[in-house]
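The structure appears below as structure tokens.
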Amino acid sequence: MVPLPLAADPCADGEQVCDLVFDWTGDSRFADWAGVLIGTPLAILGLVLFGLAIRWLLHRVVDRISVRAERGVMPERLDALARARRAQRAGTMAGIFNSIVTVVVIAVVGTMILSEVGVNIAPIIASAGIIGIALGFGAQSLVKDFLAGIFIFMEDQYGVGDVVDLGEAVGSVEAVTLRMTRLRDVNGTVWYVPNGEIMRVGNQSQNWSRAVLDVSVAYGEDLTKVQRVLREVAHDMWEDEDYKGIIIEEPEVTGVESLAADAVTVRVMIKTAPLEQWAVARELRMRIKSRFDHEGFEVPFAQRVVWHREDTRGGKAPAVASEGDEE
């Protein structure tokens, strides 16, 4: 007796809805249509819900890490401006990583949905790999700029409003993106610097600044008295109500900085709030000038030795030396 051939399984792909309907009805065509009309949409809906859940969970993780970083690295002594700066940086980094999470989740879920509807995703994955390799070779500088921009944000190297030295460009930061930094120098020129080209950063306005004044006096002045006067002038400015919160530490007179050919240089240093060092230095120079005029300190002037050449054929002296003479 020849056995009858078994009917082909209409749910060869193992779809649960198709198997369940076929078990209930025994109709292979109805089971197949049920799998297409019910099973596939349910699978897609499940993938979409799964993707949304994963995205929400990862966003919560990123936001929690951002808030913890903002609070954990913030000393209590920071003022409102510094707190706002750190909060802005944390929010920016959270936005960047949330965008990356969203793109990755959409790509993965989209690929799974295409596979669910019967699209062969192997060529898509292979093409994506080839395109990724091509972009990796062709856009190395762009990728370098983006990676450098991410680290600039993460490490808080500088932000909008800071005065920085980026090597070729020095000025105030007007904009910072993941790809480039825009500066405006003192002459009004706008510089666009790719982040990947920045080899080093000198930030003149982060957390606090310092005004350094080198005051020159004549060699004949009493240096002890000069330093005492400088301390008094700087201390009076430190106690001035107009500079409360601008000068954040009492000024320091470090002493004789150098001995030049025609002057003795005494250094004064003042720790100030960010971006206030230039205004403080200008005001202190004006006060020092007024006090020096009152004390009668001599302003140093260039001194030189002039040799007057004479005819030596008659046995006269070859030269005469004098100091401070002017031609």
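Using the number of other C-beta atoms within 10 angstrom as an exposure proxy, rank Ser127, Ser172 with the fewest first.
Details: Ser127 10, Ser172 17.
Ranked by crowding around the Cβ, least crowded first: Ser127, Ser172.
Expressed as a whole number of Å, what is the distance separating the alpha-carbon centroids of segment 158-201 and segment 246-270?
For segment 246-270 versus segment 158-201, the Cα centre distance is 31 Å.
Just to verify a number: FRET efficiency for Val299 and Trp191, C-beta to C-beta distance, R0 = 35 Å, to 0.05?
Details: r = 39 Å, r/R0 = 1.10.
For R0 = 35 Å, the calculated efficiency reads 0.35.
Which of the GluC sites (Glu not before Pro) found in segment 109-190 are loop residues per DSSP with 12 or fewer other Cβ atoms within 10 Å of their Cβ?
On the way: sites: Glu116, Glu155, Glu168, Glu174; in loops: Glu168.
Taking segment 109-190 and a limit of 12 other Cβ atoms within 10 Å, the loop GluC sites (Glu not before Pro) found are Glu168.
Quick one: Karplus J couplings for segment 148-161, per residue in order, coefficients 6.51, -1.76, 1.60, θ = phi - 60°, nearest Hz, x for Gly and Pro?
Karplus-based 3J(HN,Hα) across segment 148-161 equals 5, x, 4, 5, 4, 5, 5, 8, 6, 5, 6, x, 4, x Hz.
If amide H atoms are built 1.01 Å from N in the plane of the peptide, which residues on other chains or at least 5 residues away come under 5 Å of the amide H of Asn203?
Counting only residues 5 or more places away or on other chains, the set is Asp165.
Applying the Karplus parametrisation 6.51 cos²θ - 1.76 cosθ + 1.60 with θ = phi - 60° to the phi angles of segment 122-137, what ³J(HN,Hα) value in whole Hz is obtained for each residue in order, glycine and proline being reported as x?
4, x, 5, 5, 5, 5, 4, x, 5, 5, x, 5, 4, 5, x, 7
Rounded to the nearest 0.05, what FRET efficiency do Leu142 and Lys289 give with R0 = 56 Å and r taken as the Cβ-Cβ distance? Could you check? Working shown, then result.
Working: r = 53 Å, r/R0 = 0.94.
About 0.60, to the nearest 0.05.
Does segment 157-203 come out rounded, prolate or oblate, given a ≥ b ≥ c as the square roots of the eigenvalues of its C-alpha gyration tensor, rounded meaning a/c under 1.5 and, failing that, prolate meaning a/b above b/c?
Details: a/c = 1.34, a/b = 1.27, b/c = 1.05.
In terms of gyration-tensor shape, rounded.
Sum up the charges of everything whose Cβ sits under 9 Å from the Cβ of Ser172, counting Lys and Arg as +1 and Asp and Glu as -1, but leave Ser172 out.
Details: positive: Arg184; negative: Asp162, Glu174, Asp185.
Once positives and negatives cancel, what remains is -2.
Compute the signed sum of charges (Lys and Arg +1, Asp and Glu -1) over the other residues within less than 13 Å, Cβ to Cβ, of Gly95. Write down the numbers at each step before the final one.
Numbers: positive: Arg89; negative: Asp63.
That sum, taken over residues with Cβ under 13 Å, equals 0.
Could you check the spin-label model distance between Ala126 and Glu239? Points 7 Å from the Cα along Cα→Cβ, value in nm.
8.4 nm
If R₀ is 35 angstrom, what is the calculated FRET efficiency for the pair Glu168 and Arg309, using the beta carbon separation as r and rounding to 0.05? Before the final figure, lay out each step's value.
On the way: r = 48 Å, r/R0 = 1.38.
The calculated FRET efficiency here is 0.15.
Where Lys and Arg each count +1 and Asp and Glu each count -1, what net charge lies around Val201 among other residues with Cβ under 10 Å from its Cβ?
Once positives and negatives cancel, what remains is -2.
HN-Hα J couplings of segment 216-226 from phi, Karplus 6.51/-1.76/1.60, θ = phi - 60°, integer Hz, Gly and Pro as x?
Each residue of segment 216-226 in turn: 9, 10, 6, 5, x, 7, 6, 5, 5, 5, 4 Hz.
Once you put a point 7 Å from the Cα of Leu57 and another 7 Å from the Cα of Glu257, both along the Cβ direction, what distance in nm separates them?
6.0 nm
What is the set of long-range amide H partners of Thr272 at a cut-off below 5 Å, with H atoms built 1.01 Å from backbone N?
Those lying under 5 Å, H to H, from Thr272 are Ser209, Arg210, Ala211, Ile248.
Since every read-out is calculated from the coordinates, none of them should be taken as a lab result. Because the structure is predicted, anything quoted here is derived from the model rather than measured. Cβ sites come from the backbone with ideal geometry, for glycine too, and all protein chains shown count toward neighbours.
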